[in-house]
Amino acid sequence: MDARVDGKVAIVTGGSRGIGRATAFELLDSGAAGVVITSRRMENLEEAIDVLTEAGAPRDRLHASVARADDPEAAERTVAETVERFGSCDILVNNAGTNPAPGPLVDVDLAAVDKTWSVNQRGPLIWSQKVWHGWMKDHGGVIVNVASVGGLRPAPILGAYNISKAAVVFMTHQLAFELAPTVRVNAVAPAVVKTRLSELLWKTDEQAAASTHPLDRLGEPEDVARAITYLCSDEASWLTGVVLPVDGGVIGASGSLG
Ligand SMILES: NC(=O)c1ccc[n+]([C@@H]2O[C@H](COP(=O)([O-])OP(=O)(O)OC[C@H]3O[C@@H](n4cnc5c(N)ncnc54)[C@H](OP(=O)(O)O)[C@@H]3O)[C@@H](O)[C@H]2O)c1
């Protein structure tokens, strides 16, 4: 299987590092005509562009847009900038995410919960709305949301985050239903991937964290980027409303009785 996105133009939110940056690279490596990466800080985006071009990505197919994930005006501006710069906006990867509210739900700080839910849950809805009205309703397209295995089943520590990802899972089904047949909407649900966001889960004892995954290793950003690129490609043209675990077997291959 050769997942290609030749000539397509993508926005990847949260593209300054981790899964988003790897996805930007994978999309360009698979033929994308342009990729717009977003984050809160231009210096982070510039650093990402340096890393991507050093790895062989074409600089003229990359564009940076400073945009908070939960800011509707920034999302609308970014979609317009994308169409102006590259001529279309065929793919949206709702990847930006945050986890500032760890701990048991009954004690969790409510201001931190508001932030988590705003970025992780309201954010993907905002970007989906803007990309629909700004391009996809007339031209079609593909949306991929980055959910989490935490949105599929309960787990310790990350309850508020997991609820936001469960909302992303349901939003994927709802938008797939509402936007078919023009736009396909799918999600990936990663387990622990070695990025800054998840350091709390693996940094102190990587092998212990890996051993909770049947395939006995943690994910790399590229594992998720390849799955996202597949869902964006025509190889997945009959898939919509799908939530694909990318998780070393956590959902599909774990025994429930230990
Ligand atoms: N790593 C895992 O184990 C794991 C597992 C399941 C799901 N996920 C999901 O994967 C996605 C990517 O996370 P990651 O693991 O790659 O984390 P990461 O390396 O920390 O990257 C997070 C990205 O999101 C951006 N971002 C954070 N808050 C933002 C905001 N308010 N507005 C705009 N951009 C923002 C960051 O950019 P700036 O800091 O430059 O703004 C950065 O580019 C997230 O949705 C996360 O929930 C991760």
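A compact table of results
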| item | result |
| --- | --- |
| Sulfur and carbon atoms: percent of accessible area, the chain [1.4 Å] | 53 percent |
| Full-extension gain in nm, Asp60 to Arg153, via 0.36 nm per residue minus C-alpha separation | 29.3 nm |
| Cα gyration tensor shape for segment 121-169, rounded if a/c is under 1.5, else prolate or oblate | prolate |
| Antiparallel DSSP beta bridges within the chain, percent to nearest 5 | 0 percent |
| Linear extension gain, Ala253 paired with Leu110, 0.36 nm per residue minus alpha-carbon span | 48.0 nm |
| Average Cα contact separation per residue, segment 110-203, under 8 Å, 6 or more apart, as relative contact order % | 33 percent |
| Computed over the chain: relative contact order in percent, which uses C-alpha pairs under 8 Å that are six or more apart | 20 percent |
| Of Lys137/Lys165; Lys130/Lys203; Lys130/Lys194; Lys137/Lys194; Lys115/Lys203; Lys8/Lys115, pairs whose Cα-Cα distance is over 27 Å | Lys130/Lys203; Lys130/Lys194; Lys137/Lys194; Lys8/Lys115 |
| Nitroxide proxy distance, nm - points 7 Å out along Cα→Cβ at Gln129 and Arg40 | 2.2 nm |
| Label-to-label distance, nm, for residues given as Glu178 and Arg85 (7 Å Cα→Cβ offset) | 2.7 nm |
| Folded to 0 to 90 degrees: helix 221-232 orientation relative to the chain principal axis, Cα | 50 degrees |
| Global form of segment 8-91, assessed from the alpha-carbon gyration tensor, a/c cut-off 1.5 | oblate |
| Cβ-Cβ FRET estimate between Leu200 and Glu47, R0 fixed at 22 Å, reported to 0.05 | 0.45 |
| Length-normalised contact order of segment 16-85 in % [C-alpha pairs under 8 Å, at least 6 apart] | 32 percent |
| Cα-centred dipole magnitude for segment 21-158, charges only on beta-carbon of K, R (+1) and D, E (-1), debye, nearest 20 | 300 debye |
| Net charge dipole size for the chain [Lys, Arg +1 and Asp, Glu -1 on Cβ; Debye, nearest 20] | 360 debye |
| Positive dipole terminus of the chain, leading residue within Leu158, Pro221, Leu231 (C-beta point charges) | Leu158 |
| Cα shape, the chain, gyration tensor, a/c 1.5 rule | rounded |
| FRET efficiency, 1/(1 + (r/R0)^6) with R0 41 Å, evaluated for Lys137 and Leu215 via beta carbons | 0.55 |
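The values are calculated or read from the model by the stated rules, or taken from the named source; none is laboratory data. For clarity, every value in this text was computed on a predicted model and none was experimentally measured. Don't worry about glycine lacking a Cβ; one is built from the backbone with ideal geometry, like all the others, and counts go over all protein chains shown. To get the accessible areas, we keep the full protein, side chains included, count just its heavy atoms, and leave off ligands, DNA and RNA. Shrake-Rupley method; radii C 1.70, N 1.55, O 1.52, S 1.80 Å.
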